[in-house]
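Here's the structure, in structure tokens; my notes come after.
Just so you know, all these numbers are worked out from the coordinates, no wet-lab data involved. All values derive from a computational prediction rather than experimental measurement. Note that each Cβ is placed from the backbone with ideal geometry, even for glycine, and that neighbours are counted across all protein chains shown.
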Amino acid sequence: MKLIGKNIDRDGGGSVTLIPENAEDMWHSYNLIAEGDCVSGSTIRKVQTESSTGSTSSARVRTTLTISVENIDFDTQACVLRLKGRNIVENQYVKMGAYHTLDIEQNRKFTLKKSKWDSISLERIDTACDPTQHADVAAIVMQEGIAYICLITANMTIVRAKIDQVIPRKRKGMVSQHEKGLNKFYENVFQALMRHINFDIVKCVIIASPGFVKDQFFEYMIQQAVKTDNKLLIENKSKFMLVHSSSGFKHSLKEVLADPAVVARISDTKAAGEVKILEQFYSMLQNDPARAFYGKKHVSKAAAAQAVETLLISDKLFRCQDVLQRKEYVELVESVKDANGDVKIFSSMHVSGEQLDQLTGVAAILRFPMPELEDEDSDSSKSETDD
């Protein structure tokens, strides 16, 4: 993300001008823009003109509009952010108060104005504009006939390609057909890998599958690289890591990223950090439940007692339409930071974030046990059964 300008007053109001440069930046933009914010950007509007003779003609003109955002839609496939709202600045082509949809796209400048910038949004801008935040882990999850090529960034698991191919069964007299189908499948995966993985950025490429598919594909890939004198692949051979997974589907990434060997290899990426801390939370929930809680009520009480060592919170909660609710979550994050606690903001578009969302989106690992919170739970369920 490129920061063009930042103008924020002492009272927290003001505007920032940004240029999203990739899919990750579009995700950050989606999290920054909230209903009620004002966004200015370039757009194309169809304009009808009437000549002196009474004939009409229409033309498409590019103009800059400022709208008060009422609806936000993020198209992850096209990587476009569609904002709908009313025009609030005088414009020669669009009436004041008229509805318009503004598309925020990659490499197109926009200005975002808020009446109050909170710490979460400001931190997100700092993160998004840090050039070191890139997709430095790639993964190929596969089984015979199906493969997903994914990029794992700090905030998202992006599926760049899906290869789905029918391979003839390995029957008597049909072995050559099976081999031919398998080779064609490996060729398609190989081509997708070369197209979507940038070895200048990627530090590690995980190949995961049940059985020996990963080994066979890796062998095929190296043979192809030698045959075609593909220096790029030969030089980056050490970046590949072969791991077992229960299936070749995207959801298997969760177990792959939790594998201790994988965690050790990619320990300097945020994605691995999220998976690791979530595993730690689950383990504590099982073995030391008085130090692991989830749900807004319990976590807020623990934060008030300055007991939170690590707060796990989903970015989904900061996109809620209820301004007061959003404010409460921002205050929760700030109170944990003030008490020297660690805050991990999980992306709901990452496999670990999806898991956290299933646990209400907010959880905490405590510095010391708070069994009274557990007791409170049993008391409330007891009173419910008494009723």
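Once Lys and Arg get +1 and Asp and Glu get -1 on their Cβ, which of ASN183, TYR148, VAL263 lies farthest toward the positive end of the dipole of the chain? It is ASN183. Remark: for residue pairs LYS316/LYS337; LYS296/LYS316; LYS46/LYS114; LYS2/LYS109, the C-alpha separation exceeds 18 Å in LYS316/LYS337; LYS46/LYS114. Within a straight-line Cα-Cα reach of under 19 Å, LYS237 can be paired with the following lysines, leaving aside sequence neighbours fewer than 8 residues apart in one chain: LYS203, LYS214, LYS227.
With neighbour counts taken as other beta-carbon atoms within 10 Å, the residues TRP117, TRP27 rank, fewest first, as TRP117, TRP27.
Taking 0.36 nm per residue of sequence separation and removing the Cα-Cα distance, the SER58/ARG169 pair yields an extension gain of 34.1 nm. Sequence-distant contacts, meaning Cα pairs under 8 Å at least 6 residues apart, place the relative contact order of the chain at 12 percent.
If I take R0 = 45 Å and measure r between the Cβ atoms of LYS231 and ILE4 in this structure, what FRET efficiency does the formula 1/(1 + (r/R0)^6) give, to the nearest 0.05? Calculated value: 0.70. Each of ARG160 and GLN92 was given a label point 7 Å from its Cα along the Cα-to-Cβ line. The distance between the two points is 4.5 nm. Annotation for GLU374 and LYS184: the two label points, set 7 Å from Cα along the Cα-Cβ direction, are 5.9 nm apart.
Basic side chains Lys and Arg get +1 at the Cβ, acidic Asp and Glu get -1 at the Cβ, and with that the dipole of the chain about its Cα centre reaches some 2000 debye. Label positions at PHE199 and ALA264, each projected 7 Å from the Cα along the C-beta direction, are separated by 2.5 nm.
Extension gain for GLU334 to ASP130 (0.36 nm times residue separation, less C-alpha to C-alpha distance): 71.3 nm.
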